[in-house]
Amino acid sequence: MHTRLHCSIYRCQMAFSLGNGSGYSVLEIVDAARQVTGLPIDVTMGPQRPGDSAILVADSTHAIHTLGWQPRFTGISAQIEHAWAWHCKQTAR
């Protein structure tokens, strides 16, 4: 996840990458989401597109040192469970 912090007092703007330093394939994420939500998720397989990265991993070093931020959810299932619970709470309102 990439996020920006706006500092209105100091009129500065910083960008942070937030992650736990682990990378997951799209299929690993889809499988975990299926397990957590209990919903079928359709997947259409195709060739890799030009410019697609083989792997993306967020380095949170800047956020850790600047903000004192620490990732709380280390495994992909825990991350999806937390996000799914938040989503369900929002849609129930």
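The values are calculated or read from the model by the stated rules, or taken from the named source; none is laboratory data. The structure displayed is predicted, hence computed values, not measured ones. Here the Cβ positions follow ideal geometry from the backbone for every residue, glycine too, while neighbour counts run over all protein chains shown. Side chains are part of the model used for accessible areas, which takes the heavy atoms of the whole protein and leaves out ligands, DNA and RNA. Shrake-Rupley method; radii C 1.70, N 1.55, O 1.52, S 1.80 Å.
Does residue 22 meet the test of being among the small types (Gly, Ala, Ser), in a loop (DSSP other than H, G, I, E, B) and out of contact with any Asp or Glu (no Cβ under 8 Å at 6 or more places or on another chain)?
Here the answer is yes, as residue 22 does meet what is asked.
Of the set (1) in a helix (DSSP H, G or I); (2) of a type in the set (Lys, Arg); (3) under 17 Å from the mean Cα position of the chain (by Cα), all apply to residue 89 but (3). Scanning region 44-73 for residues that are surrounded by 11 or more Cβ atoms within 10 Å (Cβ to Cβ) and part of a loop (DSSP other than H, G, I, E, B) yields 57, 58, 59, 60, 69, 71, 73. Among the numbered criteria (1) open to solvent by less than 60 Å² (accessible area, probe 1.4 Å); (2) in contact (Cβ under 8 Å) with a residue 40 or more places away in the chain, which single criterion is violated by residue 78? Exception for residue 78: condition (2). Within region 1-31, the set of residues being among the small types (Gly, Ala, Ser), more than 13 Å from the chain's Cα centre (by Cα) and either closer than 18 Å to residue 84 by Cβ or at pLDDT 80 or above (or both) comprises just one member, 15.
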